1. Using a 7 Å offset from Cα along Cα-Cβ at residue 29, what residues in the stretch 67-93 end up with backbone N under 20 Å from the label point?
2. Report the calculated FRET efficiency for residue 40 and residue 170 (r = Cβ-Cβ distance, R0 = 30 Å), to the nearest 0.05.
3. Would you mind putting 87-95, 160-168 in packing order, based on average other-beta-carbon counts within 10 Å, highest first?
4. For the chain, evaluate the Debye formula with one uniform point scatterer on each Cα (no solvent term) and list log10 I(q)/I(0) at q = 0.12, 0.15 Å⁻¹, rounded to two decimals.
5. Round to the nearest 0.05 the FRET efficiency obtained for residue 93 and residue 162 when R0 = 41 Å and r is the Cβ-Cβ distance.
6. Which order results if 115, 151 are arranged by neighbouring Cβ count within 10 Å, fewest first?
7. Expressed as a rounded percentage, what relative contact order does the stretch 1-104 have, with Cα pairs under 8 Å and six or more residues apart?
8. Using 0.36 nm per residue of separation minus the Cα-Cα distance, give me the extension gain between residue 118 and residue 187 in nm, one decimal.
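Only the coordinates and a few stated rules stand behind these numbers; no lab work does. Everything quoted here is computed from the prediction, not taken from an experiment. In this analysis, Cβ positions are derived from the backbone assuming ideal geometry, glycine residues included, and neighbour counts consider all displayed protein chains.
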């Protein structure tokens, strides 16, 4: 079935929007790799014999874990947004004005755009800020101590950050705009 000019325009806009979402995905992936590298560098002194770390080391580990976790959640969300409409979850509540369940509507484009911006702000940008804060905490003037006594606090900060990011990601997903609108009609 040939597409109308209007539908052709919507599909073109959809491809452009998917390209933008893919660029956010790529940026988040790059930043996640960067944050994971920082996290590995931050954690490595814990296991060195006679390692010396700053007294705020456990806080820096927690911040780095949180930043890395936010990037990972962001990557997952951007990947979901780049899925073609044909493979979105179906809902009997969605009407089928075009006759093809895989064709985009203007409301789909706005919902995708709003969710992309939302996840970029509250996952990727926040992850960047937390990773930067972790680096700042490490380089701020402070006392240094042997790494041995800080292993347990570092573990608890890292675990707490991982749990907090998981809960935050779940709550954020529930607050995302157009939460139940990215669905296609039933075949």
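1. From the stretch 67-93, the list is 68-85.
2. About 0.70, to the nearest 0.05.
3. The peptides rank, most packed first, as 160-168, 87-95.
4. -0.66, -0.86
5. Calculated transfer efficiency: 0.70.
6. 151, 115
7. 39
8. Result: 21.8 nm gained on full extension.
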